[in-house]
1. Ranked from highest to lowest mean number of other Cβ atoms within 10 Å per residue, what is the order of the peptides 155-168, 78-91?
2. Leu160 to Val14: FRET efficiency via 1/(1 + (r/R0)^6), r the Cβ-Cβ distance, R0 25 Å, to the nearest 0.05?
3. In whole angstrom, note down how far apart the Cα centers of region 68-119 and region 25-52 are.
4. Can you tell me the relative contact order of the chain? Whole percent, Cα pairs under 8 Å, sequence separation 6 or more.
5. Place the peptides 136-149, 39-52 in order of packing, highest mean first, counting for every residue the other Cβ atoms within 10 Å and averaging per peptide.
6. Go through [x] 0.94; [y] 1.13; [z] 0.98 and flag the label whose value is the computed Rg/Rh (Cα atoms, Kirkwood Rh) for this structure.
Amino acid sequence: MRIIAGTHRGRRLVTPKGLDTRPTGDRVREAAFNLIGPVDGASVVDLFAGSGAMGLEALSRGAGRVVFVESDRAAVRAIEQNLDRLRLRGAVLHQDASRALQAEAQAGRRYDLVLVDPPYEMYPDLQPALARTLPRVLADGGLLVVETDARVEPELPFELRTSRRYGRARLTLFDQPSRSSGAADAAAAEGTV
């Protein structure tokens, strides 16, 4: 696995040994960032981070801050090694993604880009908790990217931007409408602007 683009393009990534993690392949990662667009200065949280490939890609492309959340000890070590090798800075939380999301929501932290890539078989059980918590951590105007098995179509309380299949994977992007633009749109519709 390599970084696809940005300041660290072509650099190899350390991946955890064993079958406990499924790194997002280069092709799917490239497709995701083509759909995401520029991330300059963005605040990003990479949930179920695995090797950290998605968050590292965001840092290479100019993201301002990335928080990696991963519960597997070997994967956390891989993320830390990748950050060190690439001389990038990011926060690594060694904990369950649902608990980390809850803590981030309670602390009032919000992110411009939220990356969610759990083990495919876990997603259906996780979706209700994600639907409750993600709206409190995704910033106004923010973007949510969910990777699932190609047969699964996530349903979350956001505006669907697109959902596309790439082999065994599905990428689904959701937008969090900006509250200020929503208020402006409502006022314009009422003729008060």
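Computed from the coordinates by the stated procedures, all read-outs in this text should not be read as laboratory data. Since the model is a prediction, treat every value here as computed from it, not as a measurement. Using ideal geometry, Cβ is built from the backbone for each residue, glycine included, and neighbour counts are taken over all protein chains shown.
1. On the way: 155-168: 13.5, 78-91: 17.3.
Ranked from most to least packed, the peptides come out as 78-91, 155-168.
2. Values: r = 34 Å, r/R0 = 1.37.
Rounded to the nearest 0.05, the efficiency is 0.15.
3. 13
4. On the way: 375 pairs, mean separation 31.4, N = 193.
So the answer I get is 16 percent.
5. Working: 136-149: 20.0, 39-52: 23.4.
Descending mean neighbour count gives 39-52, 136-149.
6. Correct label, based on the coordinates given: [z].
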